[in-house]
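Following: one structure in structure tokens, then a few remarks.
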Amino acid sequence: MTSAAPHLREPVADRAQVHELQTRIRQMQATKLESRTLQTHPALSPLLPGGALKAGAAYAVRGSTTLLMAMLAGPSAAGAWCGVVGMPDFGAEAAGRFGIDLERLVLVPHPGDDWLTVTAAVVDVLSVVVVAPPSRARDGDIARLSARLRQRETTLIVAGDWPQVEATLTVARSGWDGLGAGNGYLSSRRVTVESVPRGGSGPRRTAELWLPAPDEQFLAEQFLAEQFLAERSGGSGSGGSGGSRVSTASGPTRLEAVG
């Protein structure tokens, strides 16, 4: 007695469908070696795994809107379109002073209850997206958004906690400068930033930054490097006028700009 061959109720997918499925799988399983990086401010590079923001990855930032702006400044100065979702207090004027191109900045201050849907739509068209979740998202929704990030090669920066991030940056300590003995005004803020890599494994990284510097500027990597080389060749030292610099003295990295 011979057994009958199994009957397929659905037609076998053609080669085009198989190829499309394989392409989608490769996009979702992209390795770190294949990941594209975005231009990142040099003061933040020591805090990030690999020394730069990765396309298709997510990061979390705690305790500082200015630090969020700092993470946007490098990609924005390089020409990337950026977006901010769910942050009505995000100051566009301050962002512009820190080097973010306002002509390439999309603000969605009040996304409402559909904030995750709005974020996913923005991810489809922009290179870097900042979001402040008003509530915790479901695991399935997070997984779908993560897949979309990898597919679109968009970088997500979350204000607050978020699972499966490349790194979580936290402002551990903060102090303002500028006040004298009963006079003056707050002109600059020095912060200590701690970075914890994915899953909490690996060494924690720490850096001290000026957010903002006395002139309230946050400048891109290329300009800082050019000014530093010009300052060294001119022998002006820290007292030179104009330009910007990254401190090369031993100890924590400082983000500084002098006008």
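The values are calculated or read from the model by the stated rules, or taken from the named source; none is laboratory data. Note that the coordinates shown come from a computational prediction; the quantities given were computed from them, not determined experimentally. Cβ coordinates were reconstructed from backbone atoms using ideal geometry, including for glycine residues, and neighbour counts include every protein chain displayed. With ligands, DNA and RNA removed, areas are computed over all heavy atoms of the protein, side chains included. Shrake-Rupley method; radii C 1.70, N 1.55, O 1.52, S 1.80 Å.
Quick notes
- Long-range neighbours under 7 Å by Cβ, at least six apart or interchain, first residue open to solvent by 10 Å² or more (accessible area, probe 1.4 Å) within segment 77-90, second of a type in the set (Ser, Thr, Tyr) and part of a loop (DSSP other than H, G, I, E, B): Ala80/Ser127; Trp81/Ser127
- Residue within segment 49-65 that is surrounded by fewer than 20 Cβ atoms within 10 Å (Cβ to Cβ), farther than 25 Å from Ser135 by Cα and out of contact with any helix residue (DSSP H, G or I) (no Cβ under 7 Å at 6 or more places or on another chain) present: yes
- Some residue of segment 123-138 being assigned to a loop (DSSP other than H, G, I, E, B), open to solvent by less than 30 Å² (accessible area, probe 1.4 Å) and either modelled with pLDDT of 95 or more or of a type in the set (S, T, N, Q) (or both): yes
- Output for segment 80-101, where each listed residue is in a loop (DSSP other than H, G, I, E, B) and within 18 Å of Thr40 (Cα to Cα): Ala80, Trp81, Phe98, Gly99, Ile100, Asp101
- Positions within segment 191-207 being small (Gly, Ala, Ser) and not in a loop (DSSP other than H, G, I, E, B), in sequence order: Ser195, Gly199, Gly200, Ala207
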